[in-house]
């Protein structure tokens, strides 16, 4: 400042002191700061959508990965495929891959089946026992012996002999039928060959890996994918290895975003450099762009004092709001450059700066009342950073900028009144455009499906689709019912209860749960006790006698069914089928945060999800994981919040505008670029078949915040009788150009979320800017606003 | 279960189907291993076979029965994936596999049960086994079995499942005796680990003669 006087020094000291305190507090905050890159903070607190993300973050279910081996050489054999898999197993990094999931041993399959049959008592419920009474009548036994005999004559006779000896009554059909139905409904089309899951065509194989990397962790996903890719790259000739994993999505989204951001950074830098060379050519202008960045940095630390675990996306969005903060700097810079007395210049623009801050903050203040943690963080951090940026623009920037710097065309151009007169025909065009935009934009629907924001490459999608086609048994999308307990028996017991509760909604076989085949230990013990109680010595003796009579015509030997009777009296001779059960548990049991989770699957339809959500509501151990449940939860939370947030936001903005402008017309004019900008944004989304979602909602808010600044600049310029490139209008031009450089670079983004941000912001801001440039002066002229204002 | 059963069925059909000449007993002297050349020659002979049809007599000695179970019926196979197995005595029963479909019938239920196996591993295993045994993919079989030659005239190959497999837990050995010009399987003997023995003898085998259309019918034609 050129005109520094002794009277200004105390104020300068105050400014420095306050700045020092804020910076010190911010630094303290940085020590507490933890950046959360997950989606979790974006989801409503205590909502099912949030529980879903927490489940995916914590559960071992989400840490599995697959390696898909495929023979590419027509002459290659299954043996080569298996050899390649064995070779890969040796190369796996144990710090990333905790284990390779092995199928049940082929050699023991027979013993395992017989083990299940001998232990059937544990798995047969009351209803099964009720039916058993009917199977032991002489008439039924006669029929059954005929069936057994027929079975022996069939091709499978030799194999069935062992089964018949252990189960003359045919009870195994119930137990093995449930096992088969469980395995068919969930399983992959695989055969077990030499300890591997091999496709029936013998040319494909899958290696199922338990990894230490959760699909929600960026860093571990990156490491895992790099490892899997290096394994795929070292595949032997004639074999192709493809990683299939959720972590591939995480890592690729991250790298796509980084690549997009790099490109955007380069384009932005070129744009800003050109702007600097052509328009400003004053190094002090750098302060205009630097101060908001510093303000955001300080705000970040201050925010961390309140929210130590800050969402990465919130930090990114708050940084994007630097565009609005830069507006303050530009406004101050142009005012100081054109003026002769900075103190008075600052006083002249102070009200408009405050108006700009309040209209922008209006939206973000409302966010502080949101149920969504990330929105609360965003509201708090943006309000703090914008306030700091404005204070910096008001009190620090004038200390740096000096009058008379070179800004191209500043102050030139035709008077705004003449421009307003010329722009009158454009008002008709604008009205038509607004009507059309509202009509087209009304077609945009809110889409809660987060998978639409997945920036994974087409190659990965194709690989997953091909893998699914090759191996999956079912085309249906499954939702997961998760029932948790502190221990496996506790989780199994709870799962029994929940599945029983849901039996009224699902038809048999529709809810695929481990309990259908392998209930909890408590239930198994109950079953066994019931089974043993049923087989009294009298009943056993009667059955022996009746079987002998029924089997006589077919020549069954005296001790034909000795293994069955021995298992009733002395207990099963074979061990329980641990391998089969463990193999089934791989698909149905997961672990998270020291708890055991039982997973049951059902078709992901609205009716099923709603029914399961309703029936398990209030049970703290049960939750539904489904894309639809997530959509429902999003929609519910959006519906419940929208009314509140919009009311707070509108109330804040209207009160601020009316208080500071004392004019309804001016208030409407200030918000006109924002209204047209959002309408244009919606219409653009509709034309490009893009949805409204969590990303575009935030983009719409930014369009409103930034375009309201343009409205303020335009109305200010009209009030001040400026030219087209006068201080207010020039601020608007510079502000919009700098912001549009940033947003339009995102139009080249490959990541869908960034592309949507680019489309939304560019379309909204461009139309908002054009509205402020053409429409606002035109309306001001038509309404003869200057006269009214001056009269008032 | 059905899958497992079917797998075994066709693993063991080989036994019945290739069933045995009762005269061919395991020798006390260990039989010499089959040379690659021999397997290639047999394979070449069998690969020239497009159809096989024959009556069969299957004798099962099962621990569960007091007597030997004698099963009589008819068998036909046509390349690439058509096979039918018809039992006429002591009960009537038939199973046919064509492409991706298995059809079963028995006189007790008098119903045809159709199983669409699709890409089911069992189906593939079935085809693999049938083609291996009957159409001669002996080099592949040699990967899973130790093959020896108990007799050269008539040619008899003995297949002992390699250890560590499910088949090895059930089967001890399958002996296959070939018929005229080694073009078809005359007899199979299946020795199980449990001690049960199944022999299957083909009678009046016809090789590369057209199979009558009605023979493929399920339920069997003129049952």
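The values are calculated or read from the model by the stated rules, or taken from the named source; none is laboratory data. Fair warning: this is a prediction, and the values are worked out from it, not measured in the lab. Note: ideal-geometry Cβ built from the backbone for every residue, glycine included; neighbour counts use all protein chains shown.
Can you tell me which of A:664, A:624, A:703 is crowded, with 24+ Cβ neighbours inside 10 Å, at pLDDT 85 or above and more than 22 Å from residue A:442 (Cα to Cα)?
Being crowded, with 24+ Cβ neighbours inside 10 Å, at pLDDT 85 or above and more than 22 Å from residue A:442 (Cα to Cα) holds for just one of A:664, A:624, A:703, which is A:624.
Has region A:339-361 got at least one residue that is part of a helix (DSSP H, G or I) and under 30 Å from residue A:50 (Cα atoms)?
Yes: region A:339-361 contains one or more residues that are part of a helix (DSSP H, G or I) and under 30 Å from residue A:50 (Cα atoms).
Look through region B:184-214, keep the residues that are in contact with a helix residue (DSSP H, G or I) (Cβ under 7 Å, 6 or more places away or on another chain) and outside any strand (DSSP E or B), and return whichever of them is nearest to the other protein chains (Cβ to nearest Cβ).
B:196
Given the conditions (1) under 24 Å from residue A:458 (Cβ atoms); (2) in contact with a strand residue (DSSP E or B) (Cβ under 6 Å, 6 or more places away or on another chain), report the number of the one that residue A:209 does not fulfil.
(1)
Which of the residues spanning region A:541-594 are surrounded by 15 or more Cβ atoms within 10 Å (Cβ to Cβ), within 14 Å of chain B (Cβ to nearest Cβ), modelled with pLDDT under 85 and part of a loop (DSSP other than H, G, I, E, B)?
Across region A:541-594, the qualifying residues are A:574, A:577.
Wholly within region A:69-150, which helices (runs of 4 or more DSSP H) include no fewer than the required count, namely at least 1 residues that are crowded, with 16+ Cβ neighbours inside 10 Å and either within 14 Å of another protein chain (Cβ to nearest Cβ) or in contact with a strand residue (DSSP E or B) (Cβ under 9 Å, 6 or more places away or on another chain) (or both)?
So the answer is A:78-91, A:109-118, A:120-123.
Which of (1) at pLDDT 85 or above; (2) in contact with a strand residue (DSSP E or B) (Cβ under 8 Å, 6 or more places away or on another chain); (3) assigned to a helix (DSSP H, G or I) does residue A:597 not meet, given it meets every other one?
Of the numbered conditions (1) at pLDDT 85 or above; (2) in contact with a strand residue (DSSP E or B) (Cβ under 8 Å, 6 or more places away or on another chain); (3) assigned to a helix (DSSP H, G or I), the odd one out for residue A:597 is (3).
Do we have residue A:179 as within 8 Å of another protein chain (Cβ to nearest Cβ) and modelled with pLDDT of 80 or more here?
Yes: the conditions hold for residue A:179.
Just need a number here: residues in region A:556-574 that are touching a helix residue (DSSP H, G or I) at 6+ places or on another chain (Cβ under 8 Å) and over 22 Å from residue A:115 (Cα atoms).
Going through region A:556-574 one residue at a time, the tally reaches 2.
Could you list all residues from region A:59-107 that are farther than 30 Å from residue A:484 by Cβ and under 28 Å from the mean Cα position of the chain (by Cα)?
Answer for region A:59-107, where residues must be farther than 30 Å from residue A:484 by Cβ and under 28 Å from the mean Cα position of the chain (by Cα): just A:68.
Out of contact with any strand residue (DSSP E or B) (no Cβ under 7 Å at 6 or more places or on another chain) and closer than 30 Å to residue B:98 by Cβ: which single residue out of B:217, B:192 fits that description?
B:217
Which of the residues spanning region A:212-226 are in contact with a strand residue (DSSP E or B) (Cβ under 8 Å, 6 or more places away or on another chain) and at pLDDT 90 or above?
Across region A:212-226, the qualifying residues are A:224, A:225.
Is it the case that residue A:271 is more than 14 Å from chain B (Cβ to nearest Cβ) and touching a helix residue (DSSP H, G or I) at 6+ places or on another chain (Cβ under 7 Å)?
yes
Out of (1) touching a helix residue (DSSP H, G or I) at 6+ places or on another chain (Cβ under 8 Å); (2) in a helix (DSSP H, G or I); (3) more than 10 Å from every other protein chain (Cβ to nearest Cβ), the odd one out for residue A:164 is which?
(3)
Residue by residue through region A:190-201, note down the ones that are surrounded by 20 or more Cβ atoms within 10 Å (Cβ to Cβ), touching a residue at least 24 places away in the same chain (Cβ under 8 Å) and touching a helix residue (DSSP H, G or I) at 6+ places or on another chain (Cβ under 8 Å).
A:193, A:196, A:198, A:199
Specify the residue that is modelled with the lowest pLDDT; the eligible residues are those in region B:65-112 that are part of a strand (DSSP E or B) and over 24 Å from residue B:200 (Cβ atoms).
B:101
Of these, A:680, A:629, which one is modelled with pLDDT under 80, crowded, with 23+ Cβ neighbours inside 10 Å and part of a helix (DSSP H, G or I)?
Of A:680, A:629, the one residue that is modelled with pLDDT under 80, crowded, with 23+ Cβ neighbours inside 10 Å and part of a helix (DSSP H, G or I) is A:629.
Just one of A:481, A:511 is surrounded by 14 or more Cβ atoms within 10 Å (Cβ to Cβ), in contact with a strand residue (DSSP E or B) (Cβ under 8 Å, 6 or more places away or on another chain) and under 25 Å from residue A:244 (Cα atoms); which is it?
Checking each option against the conditions leaves just A:481.
Suppose the filter is touching a residue at least 40 places away in the same chain (Cβ under 8 Å) and either surrounded by 15 or more Cβ atoms within 10 Å (Cβ to Cβ) or within 13 Å of chain A (Cβ to nearest Cβ) (or both); does residue B:87 pass it?
It is false that residue B:87 is touching a residue at least 40 places away in the same chain (Cβ under 8 Å) and either surrounded by 15 or more Cβ atoms within 10 Å (Cβ to Cβ) or within 13 Å of chain A (Cβ to nearest Cβ) (or both).
May I ask you to list the residues in region B:162-183 that are away from every other protein chain (no Cβ under 14 Å) and within 24 Å of residue B:63 (Cα to Cα)?
B:175, B:176
For residue A:325, state whether it is touching a strand residue (DSSP E or B) at 6+ places or on another chain (Cβ under 8 Å), assigned to a helix (DSSP H, G or I) and closer than 30 Å to residue A:641 by Cβ.
So residue A:325 does not fit the description; no.
Find the residue count for region B:42-78, including only residues that are surrounded by fewer than 15 Cβ atoms within 10 Å (Cβ to Cβ) and away from chain A (no Cβ under 14 Å).
Within region B:42-78, residues that are surrounded by fewer than 15 Cβ atoms within 10 Å (Cβ to Cβ) and away from chain A (no Cβ under 14 Å) number 3.
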